[in-house]
Amino acid sequence: MTTAEDCEIIEIPKIKDPRGNIAVVEKDVIPFETKRVYYLYDVPSDASRGGHAHKNLQQFLIALSGSFDVILHDGENQKKITLNKPNKGLLIKSEIWRELENFSSGSVCLVLASDVYKEEDYIRNFNDFKLFKTR
Ligand code: T46
């Protein structure tokens, strides 16, 4: 069973340069092939995103700018991770409930996803998620 502890921070290789750095997410940095890229921006500081789990989707979240908190729940345990560096991303495995909150002004959350958008992959009710985890 996937647990919150399986979701880890991955350091993104960085090319340092006095003119500005480049961080590169190449093939071997994350354990899936990216099929979709999207980003959250203009998020009000009191807004909460997420509030669901995915049956199969894996994601890699990067705070391209600013900061926000990600609360991960595996049905039994939860942990909170603050993302605030553009060269450190959070790998969220499938079957993990997540909430994103505490967005700083001007923050941008980039998401690399292992699949295209499929509403049927979502579990949007926490009790359904807990049942799914104990199936
Ligand atoms: C997660 C956080 C970081 C689409 O039509 N296509 C898409 O690719 C996406 C991501 C969303 N949508 C539609 C589906 C919903 O009607 O946009 C609406 C909001 O989507 P969602 O509930 O997924 O939004 P977030 O920001 O709460 O969550 C998304 C990811 O789905 C989620 O897994 O971790 O971004």
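Would you tally the residues in segment 10-27 being closer than 20 Å to VAL116 by Cα and open to solvent by 100 Å² or more (accessible area, probe 1.4 Å)?
Of segment 10-27, the ones closer than 20 Å to VAL116 by Cα are 25-27.
Filter once more, so that each one left must be open to solvent by 100 Å² or more (accessible area, probe 1.4 Å): 26-27.
Residues flagged as closer than 20 Å to VAL116 by Cα and open to solvent by 100 Å² or more (accessible area, probe 1.4 Å) within segment 10-27 amount to 2.
Which of the numbered conditions does LYS35 fail, given that it passes all the others? Conditions: (1) more than 10 Å from the ligand (Cβ to nearest atom); (2) over 27 Å from LYS14 (Cβ atoms).
With (1) more than 10 Å from the ligand (Cβ to nearest atom); (2) over 27 Å from LYS14 (Cβ atoms) applied to LYS35, the lone miss is (2).
Without any contact (Cβ under 8 Å) to a residue 40 or more places away in the chain and surrounded by 17 or more Cβ atoms within 10 Å (Cβ to Cβ): which single residue out of ILE30, ILE71 fits that description?
Working: ILE30 fails: without any contact (Cβ under 8 Å) to a residue 40 or more places away in the chain.
Exactly one of ILE30, ILE71 is without any contact (Cβ under 8 Å) to a residue 40 or more places away in the chain and surrounded by 17 or more Cβ atoms within 10 Å (Cβ to Cβ), namely ILE71.
Of the conditions (1) surrounded by fewer than 14 Cβ atoms within 10 Å (Cβ to Cβ); (2) in contact (Cβ under 8 Å) with a residue 40 or more places away in the chain; (3) in a loop (DSSP other than H, G, I, E, B), ASP42 fails just one. Which one is it?
Every condition holds for ASP42 apart from (2).
Hey, ILE22 hits all of (1) β-branched (Val, Ile, Thr); (2) in contact with a Leu (Cβ under 7 Å, 6 or more places away or on another chain); (3) away from the ligand (no atom under 12 Å from the Cβ) but one; which does it fall short on?
Of the numbered conditions (1) β-branched (Val, Ile, Thr); (2) in contact with a Leu (Cβ under 7 Å, 6 or more places away or on another chain); (3) away from the ligand (no atom under 12 Å from the Cβ), the odd one out for ILE22 is (2).
Please go through segment 88-135 and give me each residue that is more than 15 Å from the ligand (Cβ to nearest atom) and surrounded by 18 or more Cβ atoms within 10 Å (Cβ to Cβ), ordered by number.
LYS133
Do the conditions hold for LYS85, that is, is it among the basic types (Lys, Arg), open to solvent by 40 Å² or more (accessible area, probe 1.4 Å), away from the ligand (no atom under 12 Å from the Cβ) and not in a loop (DSSP other than H, G, I, E, B)? Reasoning before the result, please.
Working: among the basic types (Lys, Arg): yes; open to solvent by 40 Å² or more (accessible area, probe 1.4 Å): yes; away from the ligand (no atom under 12 Å from the Cβ): yes; not in a loop (DSSP other than H, G, I, E, B): no.
Judged against the criteria, LYS85 is not a match.
Give me the residue from segment 48-66 that is in a loop (DSSP other than H, G, I, E, B) and open to solvent by 20 Å² or more (accessible area, probe 1.4 Å) and, out of that set, farthest from the ligand (Cβ to nearest atom). Working first, answer last.
The first filter runs over segment 48-66 and keeps only residues in a loop (DSSP other than H, G, I, E, B), leaving 48, 55-58, 66.
Those left that are additionally open to solvent by 20 Å² or more (accessible area, probe 1.4 Å): 48, 55-56, 58, 66.
Working: SER48: 8, LYS55: 11, ASN56: 12, GLN58: 10, GLY66: 14 Å.
Top of the filtered list is GLY66.
The values are calculated or read from the model by the stated rules, or taken from the named source; none is laboratory data. The structure presented is a predicted model; accordingly, all values stated were derived computationally and were not measured. Note: ideal-geometry Cβ built from the backbone for every residue, glycine included; neighbour counts use all protein chains shown. The protein model used for the area step is the full one, side chains on, heavy atoms only, and it has no ligands, DNA or RNA in it. Shrake-Rupley method; radii C 1.70, N 1.55, O 1.52, S 1.80 Å.
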